Amino acid sequence: MNSSTSILSWLFSHLRPYMSKVVFAIIALIVGAMSWLVLGQGIKMVVDQGFVAGDEAMLLNSLALVLVIAFIGSIATYCRFYLMVWLGERVCADIRKALFSHLVTLSPSFFAESRTGEVISRFTSDTTLLQSVVGTGVSMALRSFVMFIGALVLMAITSTTLTIYVFIAVPIILLPIKLLGKKVRHFAKVSQDDVATMGTLIDESLHEIHTLQSYNHESQSVDSFDASAEQIMTSASKRIHYRALLIAMIMFISLSSIFIVAWVGALDVISGAITPGELTAFVFYAVLAGASIATISEVIGDLQKAAGASERIVELMNTVSEIPLESSFLDVTEDEFGPVENQSVNVINTTGFRINEKALVDANKPILTLHNVVFSYPSVPEKQIINEVSFSVMPGQKVAIVGHSGAGKSTLFDLLMRFYDIDYGEIFIGEATQKSISTYDIRRQFALVPQDAVIFATTVLDNIRLSNPQASKDDVIEAAKLAFAHEFILDFVNGYETQLGERGVKLSGGQKQRIAIARAILAKRPILLLDEATSALDASSEKYVKQALDSLMTKTTTLIIAHRLSTVINADNIIVLEKGKVIGQGKHVELMATSPVYKEFVELQLS
């Protein structure tokens, strides 16, 4: 987007679904503008036929006509204002919806590089600017343009000579718009970027308030915020300076032109070339034209500011996800496909064709296969996190993955769910390559319980039902019982309808983990991914949750990132990772004899 014309074109594309309201708004706008223009003729009648002629009856009739015109103009103004502001809010809501729908499809690599507060500012300050442009700015500009053209026509009809003098001033008025408009736009974009930076600072500070206060970092955070606020003020001051200068220059040129033309007109009245009423009407139209120019110039300033905001929004909308997500299949429900664990994999490839694969529960074929997988994070391409990893997982197996911190264990889970694309090698789900399957269907095969349980600021019921929105409340309660969460949930005043607060502030670490486990149980997926799911539990809770997980794992294929010996000792296969490489795999007894790294892991646990 390189101009105000581009921003208008982009915004109007969002108005197309509401063209009926746009048409009514334009009709109201034209009726309102014409009413104020006709008002000038009423004023001419009042002066010439009322004041000058001394006719009281004509004066009364002229006054009544003026009031009727003013009433019609007021009704039209109400309709215009209501419809345009409604359209502004509607477009703003549509842009926010489209932006959020796009954001949730972007891969984790985007969010690893972007700051959350800056992204949030696109939804708040940037879209609000666009709303004001559509809701009031464009409306005012169109009305002013119609009134300006109408005023010029009626001025020409009233006095051609005086109109020529007015036209001489128009290029002079356009000059500051041309010179200062770019400055206003530049500093508007800088100002919006500074506001986004401040939003990021607020987001980080308030979300991590516990850590911030535990290290007595309040004063340093306040200093950082103060510096950010002052930077916004500095940028805003420059923007305000150029915008105020633009408005002031246009007002001075416009008013000076009107006064000079009025002086010339007064000489014409004295010489008898025009009547006093014609001069009054001409000055009225000149004032309307001048006010219209001033309004248009102010709206141009708003457009320059909104152009900066729109660039940031469109830039985000044009960000392409590295991992394609077929959004047309996002509304597919579990009911439409049937229970996942009892069916063939319903796969949709990137071209949209269905592929009927064999069931993932075929005991004679691997459910997962990794073949020479190599991966580096896009931000650090020279560092291989996963290096030629190969292994297979059979249906119903319990596979444990062990290794030092940074060995690549959690990254493997991300790759299985295709949050990132591998650099080399191949991942198979059943007999299909991962890249031939839609990401939606890939992720329908996995239930993930992370080490740090994620809780949303909603009810207990909605948090558990996140993995299966169509589940009944009875299903949720059953899953909570299996995760040994039912008892503490009932201790809440509102039970399953209890609001858990931002990031589950009302729950302990162990309670969060049991909610996450209940979520995974309710999902009923064929493959369970456990990132040391019992790590946040106390000894008593761990005992019961492990029983629940053991029961669950008999029905699913399970991959476990393990840090505890008790978790891995009974695994069907143990994979030992070291710096992204598989340096050993087998059962506990085998690895004790063949893998020094695994033996060290066991000895550390026993000690």
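The table below gives the values:
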quantity	calculated
Residue in the stretch 586-603 that is among the hydroxyl-bearing types (Ser, Thr, Tyr), open to solvent by 30 Å² or more (accessible area, probe 1.4 Å) and at pLDDT below 85 present	no
Criterion: in contact with a Phe, Trp or Tyr (Cβ under 7 Å, 6 or more places away or on another chain) and either open to solvent by 40 Å² or more (accessible area, probe 1.4 Å) or not charged (D, E, K, R) (or both) - qualifying residue of 290, 277, 272, 265	265
Conditions (1) modelled with pLDDT under 85; (2) open to solvent by 10 Å² or more (accessible area, probe 1.4 Å); number of the one not met by residue 483	(2)
Test: residue in the stretch 462-480 that is over 24 Å from residue 549 (Cα atoms) and either open to solvent by less than 80 Å² (accessible area, probe 1.4 Å) or in a helix (DSSP H, G or I) (or both)	no
Considering residues of the stretch 511-552 that are closer than 16 Å to residue 413 by Cβ and acidic (Asp, Glu) only, the residue modelled with the lowest pLDDT	532
From 16, 80, residue being surrounded by 14 or more Cβ atoms within 10 Å (Cβ to Cβ), at pLDDT 80 or above and of a type outside the set (A, V, I, L, M, F, W, C)	80
Breaking point among (1) without any contact (Cβ under 8 Å) to a residue 60 or more places away in the chain; (2) of a type outside the set (Asp, Glu); (3) within 20 Å of residue 448 (Cβ to Cβ), for residue 482	(1)
Tabulated pairs, the stretch 83-103, first acidic (Asp, Glu), second open to solvent by 40 Å² or more (accessible area, probe 1.4 Å) and outside any helix (DSSP H, G or I), C-beta under 8 angstrom, 6+ apart or interchain	94/14
Pair list, Cβ under 8 Å, 6 or more apart: the stretch 261-272 residue free of Cβ contacts under 8 Å to residues at least 60 places away in the same chain, other residue part of a helix (DSSP H, G or I) and surrounded by fewer than 16 Cβ atoms within 10 Å (Cβ to Cβ)	269/276
Scan of the stretch 552-572 for residues that are open to solvent by less than 60 Å² (accessible area, probe 1.4 Å), over 17 Å from residue 585 (Cα atoms) and part of a loop (DSSP other than H, G, I, E, B), ordered by number	556
Count - residues of the stretch 421-440 that are more than 14 Å from residue 367 (Cβ to Cβ) and outside any strand (DSSP E or B)	8
Tally, over the stretch 393-414, of residues that are outside any strand (DSSP E or B) and open to solvent by less than 40 Å² (accessible area, probe 1.4 Å)	7
Any hit, the stretch 128-138, residues being open to solvent by 60 Å² or more (accessible area, probe 1.4 Å) and at pLDDT below 75	yes
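Listed here are the residues, each with its yes/no results for (1) modelled with pLDDT of 70 or more; (2) open to solvent by 80 Å² or more (accessible area, probe 1.4 Å).
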position: 183; (1), (2): yes, yes
position: 191; (1), (2): yes, no
position: 197; (1), (2): yes, no
position: 213; (1), (2): no, yes
position: 226; (1), (2): yes, no
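The values are calculated or read from the model by the stated rules, or taken from the named source; none is laboratory data. A quick note: this is a predicted structure, and the numbers were derived from the prediction, not measured. Please note: Cβ atoms are built from the backbone with ideal geometry, for glycine as well, and neighbour counts cover all protein chains shown. In case anyone asks, the SASA skips ligands and DNA or RNA and just uses the protein heavy atoms, side chains included. Shrake-Rupley method; radii C 1.70, N 1.55, O 1.52, S 1.80 Å.
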